[in-house]
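Written below as structure tokens is the structure these notes are about.
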Amino acid sequence: MAEHDDWTAADDARLRAALTSLRTDVEAAPLPDVRFVKARGMARRRRRFLTAGAAAAAAAVVAGTVGYDALGPDGDVVHLPAARTSTTTSAAPSPTTATSLDQPGILPLASEWESTLDLPADSVRLVQAKQLEGGVECADQLGVPTLQQSLTQASSPISAAATYWDTGSDTTKLAALEQSVAKCQAGPGFTVRAEHVGDYSLYSYSAKDAGSGWFAVVSGGQGVELLQLIDPAFPDVASGGFTKDELGALAAVARTRLDRYAGGGSSSPTALPTGSSARTVSTEKMTVTGPDPVPSWKLFVPASRWKDPLLAKGAGTTSGPGALEGSTAIVACEDDTEQAGIAGRVGVVSIRIGTGTQSYVGNQRVRIFDDVQAGALVAADLARTDDLVMKGCQTPGGARTTAVAGPTKGTYLLTTKAGGQTLRQWVGVTAMRTSGGVSTVTFHSAQGGAGFQGSVEQGFTLLTRLLAQASQR
């Protein structure tokens, strides 16, 4: 290249100044977060996969499956977070935080969809239906829902829905919803596969050209909930970007919200006033036995919420005066002398399925430490229970009780063998939201119709559900 004879020192200075300014601008603008780069790349890939025909089919499935016609101009729109960070199948993140669960609402918040499904913050559009006139496909047996929300992603075809029915704790409605989803036919080639059945039921589905997705059926409080995630870009969930663990984490959040906020049959998505997170109280008056003054019956799990298909064959549950009037020893290896040496106000609610002395199936004990050192006393009581339960015991008559720890902290299975018979007792202990409160929940297996009739794992599932409610009082 020919040299320019007219290049001067002043030109050189101007060029150096321009390069210096450019360098300053580059250094001031750091590289974008890799998560957003991946999210944009995945959104582009999904748009390429989503042909015009598939998009139309997906729209038909969405409209039919979750009844979005009810979520049109009458819906409340809230602009909130969304967009997937990656398509890895790593373990799900922590389901949510205590802060989000303290915000009242029967249905999961947008931030909880994001944290469980690994979606970026502030990228979801949440719409709540104001008018619900028709049923929900794949859930037609339950009729018109009580609440419904839809959720969409910006720059992505992914969508979701959460639908709630107030069933009055009718377990037959839960079974009907599970059966309806498992046998759902939302269009040609629509197939459903059961992925998990336990404390919630999880199903994946494929709609061929219309994509794939997930259903979760969750019960709690006074009703049931159906969650659906729709991913129209992938023909099956194995090639999609969401995992069974992630959907399970979302279902666990949904169950916690139902147990905490769906107890009163409210048709409002915020069953408790904003800010009323001090504790959940019962409105079902029950008999509390123990030395006066006993804790209020409002601090106990309502007796009707003990009802379970595997507890006394699904019979209705009520509170009774107590199989052993006045006794506060409800755990195998406990005695009244030992209980009398523990400070605090204490009371017991006994759960039964009839009126006879053989109709009792479980108990809940609440102890309140009214002391400036209440926190330390709660911790000491939890540790005392753990020591007492895990060491087991033997009665003078030769009956031997042994214990194993459950899948979560504070849960146990006690097994007592005597006279050729085996009696199992599930025990759970938890701190309560009420300051200085400790709650102990127990139920047992038994011969015949009374007692729990399921497996050990199913027993822990019921125990976990009851403890979750007890801890929020």
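The values are calculated or read from the model by the stated rules, or taken from the named source; none is laboratory data. Remember, predicted model here, so these are calculated numbers, not experimental data. Don't worry about glycine lacking a Cβ; one is built from the backbone with ideal geometry, like all the others, and counts go over all protein chains shown.
Things worth noting here:
- Near pairs, Cβ below 7 angstrom, 6+ apart or cross-chain, from region 212-232 (of a type in the set (Val, Ile, Thr)) to any residue that is assigned to a loop (DSSP other than H, G, I, E, B): Val217/Tyr200; Val218/Tyr200; Val224/Thr167; Ile230/Ile158; Ile230/Gly211
- Test: residue in region 209-218 that is surrounded by fewer than 23 Cβ atoms within 10 Å (Cβ to Cβ) and either at pLDDT 90 or above or in the same structural domain as Gly143 (by TED's automatic domain parsing) (or both): yes
- Residue in region 371-391 that is assigned to a loop (DSSP other than H, G, I, E, B), surrounded by fewer than 15 Cβ atoms within 10 Å (Cβ to Cβ) and in contact with a Gly (Cβ under 8 Å, 6 or more places away or on another chain) present: yes
- Counted as qualifying within region 393-458 are the strands (runs of 3 or more DSSP E) with 2 or more residues that are within 25 Å of Gly314 (Cβ to Cβ), namely 411-418, 421-431, 437-444.
- Odd one out for Gln453 among (1) more than 26 Å from Thr289 (Cα to Cα); (2) loosely packed, with under 15 Cβ neighbours inside 10 Å; (3) in contact (Cβ under 8 Å) with a residue 60 or more places away in the chain: (2)
- Where strands (runs of 3 or more DSSP E) fall wholly inside region 165-221, the ranges with 2 or more residues that are within 20 Å of Leu107 (Cα to Cα) are 201-206, 212-220.
- Matching residues in region 328-357 - criterion: being outside any loop (DSSP other than H, G, I, E, B) and of a type in the set (A, V, I, L, M, F, W, C): Ala340, Val346, Val348, Val349, Ile351
- Flag for Lys130 being farther than 28 Å from Asp236 by Cβ, modelled with pLDDT under 85 and not in a strand (DSSP E or B): yes
- One residue stands out among those in region 394-416 that are within 28 Å of the chain's Cα centre (by Cα) and of a type outside the set (A, V, I, L, M, F, W, C): the one that is nearest to Trp426 (Cα to Cα), which is Tyr412.
- Residue match in region 430-439 (condition: of a type in the set (A, V, I, L, M, F, W, C), within 17 Å of Val348 (Cβ to Cβ) and in the same structural domain as Tyr360 (by TED's automatic domain parsing)): yes
- Which listed residue is in the same structural domain as Leu101 (by TED's automatic domain parsing), farther than 19 Å from Gly198 by Cβ and either crowded, with 23+ Cβ neighbours inside 10 Å or at pLDDT below 90 (or both), from Pro269, Pro232, Pro273: Pro232
- Residue in region 142-166 that is farthest from Val224 (Cα to Cα), counting only those that are touching a Leu at 6+ places or on another chain (Cβ under 7 Å) and among the polar types (S, T, N, Q): Ser159
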